[in-house]
Amino acid sequence: MKTRLMIIGGALIASLFSLPAMAQPAPNQGMNPNMGQGMGPGMGPGMGPGMGPGMGMRRDCTQTPNPQACLAHRQARNQAYAACQGTTGQVRRACMHGQMQNFDCTKSGNPQQCETRKMVYQECQGQPAGPAFRQCMQQKMPPVNCSTATDPKRCELHQRAREACKNSVGPDHMACLRAQFQGT
């Protein structure tokens, strides 16, 4: 009887000591090839430190409707990352926004909308960052021409939601958008 208890106790102790070692990933496993960083415990593919699902994953530009625009945007973003390297927080966010304004709109999927967005960005530049800036951008952006959109019905739905929710910010804005899209 005592031998059985010793065997059971030994097996229990051995398994408790080996569990943390079994939970560790193997070397080079769990590395995100797109970001070059390791992932934290419990994080799946496409998730780096402090990232949500899908963030850090690079889209395959050959699978997008406009591969040239996708590649141009990726190149502009990489240049912005390089220019803003070494900054953090609000300073980095402001740097990235400023750098992305240098994007060549002739390479975008919709050059006219890109130029319009740049002009509105310059007009709203004096607003403090956050909800006031976003609301300024939303109110000054002209409506999109849905007749040239790939999905005109969806474009019109978004335009109606944008118009209905233009005076709300933050969680109220998101709740308004949800209500608009659930009503369809």
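The values are calculated or read from the model by the stated rules, or taken from the named source; none is laboratory data. Every value quoted in this text rests on a predicted model; they were computed, and no experiment measured them. Cβ placement follows ideal geometry from the backbone for every residue including glycine, while neighbour counts extend to all protein chains displayed. Ligands, DNA and RNA are stripped out before the accessible areas are found, and what is left, the full protein with its side chains, is counted by its heavy atoms. Shrake-Rupley method; radii C 1.70, N 1.55, O 1.52, S 1.80 Å.
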>> Looking at region 148-160, can you tell me whether even one residue there is in contact (Cβ under 8 Å) with a residue 40 or more places away in the chain and among the polar types (S, T, N, Q)?
In response: yes
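Out of curiosity, is Q125 surrounded by fewer than 15 Cβ atoms within 10 Å (Cβ to Cβ) and of a type in the set (S, T, N, Q)? Let's see the steps before the verdict.
Details: surrounded by fewer than 15 Cβ atoms within 10 Å (Cβ to Cβ): yes; of a type in the set (S, T, N, Q): yes.
In short, yes.
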>> If P53 meets every condition in (1) surrounded by 11 or more Cβ atoms within 10 Å (Cβ to Cβ); (2) at pLDDT 60 or above apart from one, which number is that one?
In response: (2)
>> Quick check on region 96-139: of everything there that is among the hydroxyl-bearing types (S, T, Y) and part of a helix (DSSP H, G or I), which residue is farthest from C70 (Cα to Cα)?
In response: Y121
>> Report every pair of residues separated by at least 6 positions or lying on different chains whose Cβ atoms are under 9 Å apart, first residue within region 120-136 and of a type in the set (V, I, T), second surrounded by fewer than 16 Cβ atoms within 10 Å (Cβ to Cβ) and part of a helix (DSSP H, G or I).
In response: V120/M137; V120/K140
>> Anything in region 82-95 that is part of a helix (DSSP H, G or I) and without any contact (Cβ under 8 Å) to a residue 12 or more places away in the chain? List them, or say none.
In response: A82, G89, V91, R92
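Among Q99, Q138, Q75, Q68, which is the only one that is surrounded by 12 or more Cβ atoms within 10 Å (Cβ to Cβ), in contact with a Lys or Arg (Cβ under 7 Å, 6 or more places away or on another chain) and more than 25 Å from R162 (Cβ to Cβ)?
Working: Q99 fails: in contact with a Lys or Arg (Cβ under 7 Å, 6 or more places away or on another chain); Q138 fails: more than 25 Å from R162 (Cβ to Cβ); Q75 fails: in contact with a Lys or Arg (Cβ under 7 Å, 6 or more places away or on another chain).
After ruling out the rest, the residue left standing is Q68.
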>> I'd like the full set of residues that are open to solvent by 60 Å² or more (accessible area, probe 1.4 Å) and over 23 Å from N66 (Cα atoms), limited to region 146-163.
In response: R160, R162, E163
>> Among the residues of region 168-184, what is the count of those that are free of Cβ contacts under 8 Å to residues at least 24 places away in the same chain and outside any helix (DSSP H, G or I)?
In response: 2
